[in-house]
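Structure, as structure tokens:
Throughout, read-outs are computed from the coordinates displayed, never taken from laboratory work. This structure is a prediction, so every number in the text was calculated from the model and none was measured. Cβ: placed from backbone, ideal geometry, glycine included. Neighbour counts: every protein chain shown.
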Amino acid sequence: MNIRTIGLDLTKNVFQVHGMDAQGKVVLRKQVARASLAAFFANLPPCLVGMEACGSAHFWARKLAALGHEVNMRSN
């Protein structure tokens, strides 16, 4: 699986993760529990992660950046 970009939907307990390859083809759709999210991203090669800027987004952005991922947050 060659994931280049991930869309991360932050919720309370179970996060939705959608990954795409360089051509924009969906290669990953997964639900990940909050307790397992850091370990999940630690096992991925560095990629771009997009997420909505919300209350917990800055916490997760720092965690994912420390694992080598590039994080892009957007507000609506």
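When the Cα centres of the range 5-38 and the range 44-58 are compared, how far apart do they sit, in Å?
10
If the only charges are +1 at each Lys and Arg Cβ and -1 at each Asp and Glu Cβ, what is the size of the charge dipole of the range 1-66 around the Cα centre, to the nearest 20 debye? Present the calculation step by step, with values, prior to reporting the outcome.
Values: 8 positive and 3 negative charges, 24 e Å.
About 120 debye.
Compute the acute angle (0 to 90°) between the alpha-carbon long axis of helix 57-66 and the principal axis of greatest extent of the alpha-carbon atoms of the chain; round to the nearest 10°.
Once rounded, the angle reads 50 degrees.
Show that you can apply the helix-only estimate: for the chain, add -39,500 (n - 2.57) for every DSSP H stretch of four or more residues, divide by all residues, and state [θ] at 222 nm to the nearest 500.
It lands at -5500 deg cm²/dmol.
Could you point to the label whose value was computed as percent of Cα pairs over 16 Å apart for the structure here, given [x] 44; [y] 49; [z] 60?
[x]
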